[in-house]
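The values are calculated or read from the model by the stated rules, or taken from the named source; none is laboratory data. Everything quoted here is computed from the prediction, not taken from an experiment. Note: ideal-geometry Cβ built from the backbone for every residue, glycine included; neighbour counts use all protein chains shown.
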Amino acid sequence: MIRLSSPNIGKVSILVAILTWLSLLFVDITRIFGLLNQLESGVSPEVSFILEITFFIMVYIFFNHSIARNERNEFLNLIWRGASTGLLALGVSLLIRLFYYLLGDSRLATDPLLKNFFYHINFALTTLFLISCTLLWKRLILYQKTKKIVQQWQAFEILLLVSMFFIFFNKNTLDYSFLFGLVFITIFSISLSVNLKWIPYLTFKEKWKSILFLFIILLATSYLFVEVLSYSDSKVILVNLTDNLFLIGLFSFVFFYTLFSFLVTLFNLPTSSVFEQKLVEAINFQRLSQSIKPGQSENQVLDILVDSCMSASYADAGWLELRDEMNASVFFHKRFIDKEDLQKLFDLINDTKPFANFEWEKEDNENKVFQGKIADSLYKSALMVPLVVNQRTIGRIYLLKEVKDGFNKEMVNIISTFVGQACISVENYRLLNEAIKNERYKEELKIAQRVQRSLLPDTLHHDDSFEICGFSIAADEVGGDYYETKKLGDNQFVLIIGDVSGKGTSAAFNMSQMKGIFHSLVQLQPKPSDFLLMANNALSQCLEKNHFITTSYFIIDTEKKTINYSRAGHCPTLYYDHKKKESEYLSIDGMGLGILRNNLYKQYVHEKTFSFFPGDILVLYTDGIVEAKNSKGIEFGYERLKTVVNASATLNVEQIQNKIIQEVYKFIGKNRIADDDYSLMIIKFN
Amino acid sequence: MLNIEHIKQKGYSILQLSGEVDASNSVDLDAAFQEILSEGAKRILVDGSKLEYISSAGLGVFMSYLEEFQEKDIQLVIFGLLEKVHQVFVILGLDKLITLKPNQEEALQAIV
């Protein structure tokens, strides 16, 4: 089967409808000629009936299609469409009547051919009008439809379809079955006519217009009905088409629905302003709840708030009082009141205190509304609502009316809702600003992180006699761990590792001081113990009194194959002895830098020297490694570190480093040590 | 979590620390010392038997009072530290500056 595209349905149906109507006319004319010439034309009335039904269905399809296509039809447009079709049918009918009136008693006036022609025109226009109205009303009935209404409508359509064929059954006689059918359709129509949900959505002006249009439709329906009835007894009309149950049923439906709509719209007129007001309130509420867009300020929300409150309460004057930093009152958004009057009223309110028990500092001002009388010559009642943002009262909105007790419960409710919503919007706006600020801080921290990373060395100095590698991770964006190397002369290398007390930004600042001190002092090529002494002196001048730095300082001499070192409170260094195949922590006393800030420090500094051999390994680390805790609170500890180093002593430095990190992560069951900075430096001698 | 209990005895005060001292609560420890000092205590015992962990920030608090205690002739003894916490004090060299004792009896003897 060929599927008809939708524009074709309209064209085809109207074409078929026109053809059917022409055939109806032709059949009728044939019949009249037969009668006049006393010839049996042999066309039975059933042919007319079948054509009539086809005509009905085609018109129905056409209107159904054309109305459905105009999706954005507004109610008033729909009604106007019905009214205009009605006017056309009415006008043509009246013109025909006028035409016959002008003809008077002439021979043409009784000509059956002409009379039948006009009858067919009347029939066609009445059908168009009724069916179009029915389908327009369908749209209105199914506005905000429920499943039940849809089913009811479908039942009605089936009933109408059945009623078309009724004509075969009753042969155009007004019998009881016809009456019964009509009564049934009428009752059904009335039950459908209660679906008038569209009416409240019309504005006041639209309601007036629709009343006029509905009146036109009522008039047209009534007149056409009377006109149709007048044909019933006419002898000139051979086959009566208009006494069809379908058509009469439609008359009934269109009439009742229009009548109901007309009356309900009429009685809705006085209350329509209330509905409109509620609609405005809903829109205002939506405007208030939309978060403030970028580039707008709180001021705009407060402006909308005052407007909304004024219109919701029909207030005669209003303003907004906000408190500035000095807790002085500033007035904004004055409505229907000038500066002097406002100040006068404000003083009056402050003197007479109509809003007892309001205090700025109270924490429960949210959702409270204060009402009171004022002794002013013009304004008699006043309403005040505090604006609470983030549990702080930032201001108050005042509304005044010229009548006593002017604010009823509904107004108070809606105003309180408006104020609440506006406060939420303002709060959101402020939170957003806060978030943007935080975002900027985060950016700054990222920069700090980049800078700090650059303080750690990219390359570590060494020569052929040892390999070296190191790495560091901070718990926060920046941390306090430090390590570095330096080449002194041809075969001397300095290694340093340090840990600044605390963590985060303060630790990072102190770490950079440590780096500065290292680079200054290392130029003097000091012995490890001298380095610690001088560093302690220097740091005593710059560290806060509750901060200290631990460090280990090594000088590797690759010619003499010796390691000379000192320790200042730092975790003991692990040393793997290749010959013994075992590692030991280097035991040497020493005190953290900055703990003792005087000459007494000297007595706590020690220095040792020992020789290294190929295959020996030096493991420098910070306390983050040994203090890394698993979920049971057990620390990784010195013994585990030792075991790992022993087990991986044959690997190269990167592999040893990775192995240690891997084992630590495995132990704590996570991929990072969350609460401390940690660093590693591995040296393996060749 | 850090819990600090201040027990006043005749002639001395005991600060009982339980839990962990880290960067976030080291200020509480500092406040506790401030309070004890404002009361004019001359002999302070710190009960560390329930102290499970101390971070460098916590050690910094002890360190920052050393000078003041010396000037005002205030005695500070920490006792009962768990092995791993004791280790932290030793590594840093604080055991040279603060008297550490294994239990309360010995601590009391030390302050007499």
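Of all the residues that make up the stretch B:53-64, how many are in contact with an Asp or Glu (Cβ under 6 Å, 6 or more places away or on another chain) and either crowded, with 22+ Cβ neighbours inside 10 Å or within 19 Å of residue B:39 (Cβ to Cβ) (or both)?
Going through the stretch B:53-64, the residues in contact with an Asp or Glu (Cβ under 6 Å, 6 or more places away or on another chain) turn out to be B:53, B:55, B:61.
Pick out the ones that are also either crowded, with 22+ Cβ neighbours inside 10 Å or within 19 Å of residue B:39 (Cβ to Cβ) (or both) and you get B:55, B:61.
Final tally of qualifying residues: 2.
Looking only at residues in the stretch A:587-628 that are facing another protein chain (nearest Cβ under 8 Å) and not small (Gly, Ala, Ser), which one is surrounded by the fewest Cβ atoms within 10 Å (Cβ to Cβ)? Ranking the qualifying residues of the stretch A:587-628, first place goes to A:589. Across the stretch A:636-644, a minimum of one residue is classified as in a helix (DSSP H, G or I), in contact (Cβ under 8 Å) with a residue 40 or more places away in the chain and among the aromatic types (Phe, Trp, Tyr). When the criteria are applied in full, residue B:9 fails the requirement of being more than 14 Å from chain A (Cβ to nearest Cβ) and within 17 Å of residue B:95 (Cβ to Cβ). The listed residues are B:17, B:81, B:92, and the only one of them that is away from chain A (no Cβ under 13 Å) and under 24 Å from residue A:499 (Cα atoms) turns out to be B:81.
When the stretch A:386-395 is filtered for residues that are touching a residue at least 40 places away in the same chain (Cβ under 8 Å) and either farther than 23 Å from residue A:433 by Cα or assigned to a loop (DSSP other than H, G, I, E, B) (or both), only A:390 remains.
The residues on offer are A:520, A:552, A:583, and the sole one that is touching a residue at least 60 places away in the same chain (Cβ under 8 Å) and away from chain B (no Cβ under 14 Å) is A:583. Criterion applied to A:252, A:289, A:272 was being among the hydroxyl-bearing types (Ser, Thr, Tyr), farther than 30 Å from residue A:57 by Cβ and at pLDDT 80 or above, and the one residue passing it is A:272. Could you say which residue among A:488, A:532, A:456, A:460 is more than 20 Å from residue A:675 (Cα to Cα), touching a strand residue (DSSP E or B) at 6+ places or on another chain (Cβ under 7 Å), of a type in the set (A, V, I, L, M, F, W, C) and within 14 Å of chain B (Cβ to nearest Cβ)? Exactly one residue qualifies, and that residue is A:532.
Of all residues in the stretch A:396-407, which are in contact with a helix residue (DSSP H, G or I) (Cβ under 9 Å, 6 or more places away or on another chain) and modelled with pLDDT under 90? Before you say what the answer is, go through the steps one by one.
To start, the set of residues in the stretch A:396-407 that are in contact with a helix residue (DSSP H, G or I) (Cβ under 9 Å, 6 or more places away or on another chain) comprises A:397-401, A:406-407.
Passing the criteria: A:406, A:407.
Among the residues of the stretch A:111-126, is there at least one that is among the hydroxyl-bearing types (Ser, Thr, Tyr) and loosely packed, with under 15 Cβ neighbours inside 10 Å? No; the residues of the stretch A:111-126 include none that is among the hydroxyl-bearing types (Ser, Thr, Tyr) and loosely packed, with under 15 Cβ neighbours inside 10 Å. Look at the stretch B:65-77: where a residue is within 14 Å of another protein chain (Cβ to nearest Cβ) and under 12 Å from residue B:33 (Cβ atoms) and a partner is aromatic (Phe, Trp, Tyr) and surrounded by 15 or more Cβ atoms within 10 Å (Cβ to Cβ), sitting 6+ places away or on another chain with Cβ atoms under 9 Å, you get B:65/B:33. Within the stretch A:398-451, being among the β-branched types (Val, Ile, Thr) and free of Cβ contacts under 8 Å to residues at least 12 places away in the same chain holds for A:436, A:447, A:451. Can you tell me which residues in the stretch A:369-385 are basic (Lys, Arg) and in contact (Cβ under 8 Å) with a residue 40 or more places away in the chain? Within the stretch A:369-385, none qualify.
Just to verify a result, which residue in the stretch A:111-137, among those that are in a helix (DSSP H, G or I) and without any contact (Cβ under 8 Å) to a residue 24 or more places away in the chain, is farthest from residue A:196 (Cα to Cα)? The extreme case among them is A:114.
For beta carbons closer than 6 Å, sequence separation of 6+ or different chains, a first residue in the stretch A:327-348 that is within 20 Å of residue A:360 (Cα to Cα) and a second that is surrounded by fewer than 14 Cβ atoms within 10 Å (Cβ to Cβ) and at pLDDT below 90, the qualifying pairs are A:330/A:324. Given the conditions (1) surrounded by fewer than 23 Cβ atoms within 10 Å (Cβ to Cβ); (2) in contact with a strand residue (DSSP E or B) (Cβ under 6 Å, 6 or more places away or on another chain); (3) within 14 Å of another protein chain (Cβ to nearest Cβ); (4) not hydrophobic (A, V, I, L, M, F, W, C), which single one is not true for residue A:525? Result: residue A:525 fails condition (3) only. Residues considered: A:652, A:671. Of these, the only one that is surrounded by fewer than 17 Cβ atoms within 10 Å (Cβ to Cβ), in contact with a Phe, Trp or Tyr (Cβ under 7 Å, 6 or more places away or on another chain) and either over 22 Å from residue B:20 (Cβ atoms) or free of Cβ contacts under 8 Å to residues at least 24 places away in the same chain (or both) is A:671. From the list A:260, A:255, A:225, A:215, the one residue that fits, being buried (at least 17 other Cβ atoms within 10 Å of the Cβ) and in contact (Cβ under 8 Å) with a residue 40 or more places away in the chain, is A:260.
Take the residues in the stretch A:397-427 that are over 29 Å from the mean Cα position of the chain (by Cα) and not in a loop (DSSP other than H, G, I, E, B), then tell me which one is nearest to residue A:365 (Cα to Cα). Ranking the qualifying residues of the stretch A:397-427, first place goes to A:398. The set of residues in the stretch B:20-51 that are within 14 Å of chain A (Cβ to nearest Cβ), closer than 21 Å to residue B:95 by Cα and out of contact with any helix residue (DSSP H, G or I) (no Cβ under 7 Å at 6 or more places or on another chain) comprises B:20, B:50.
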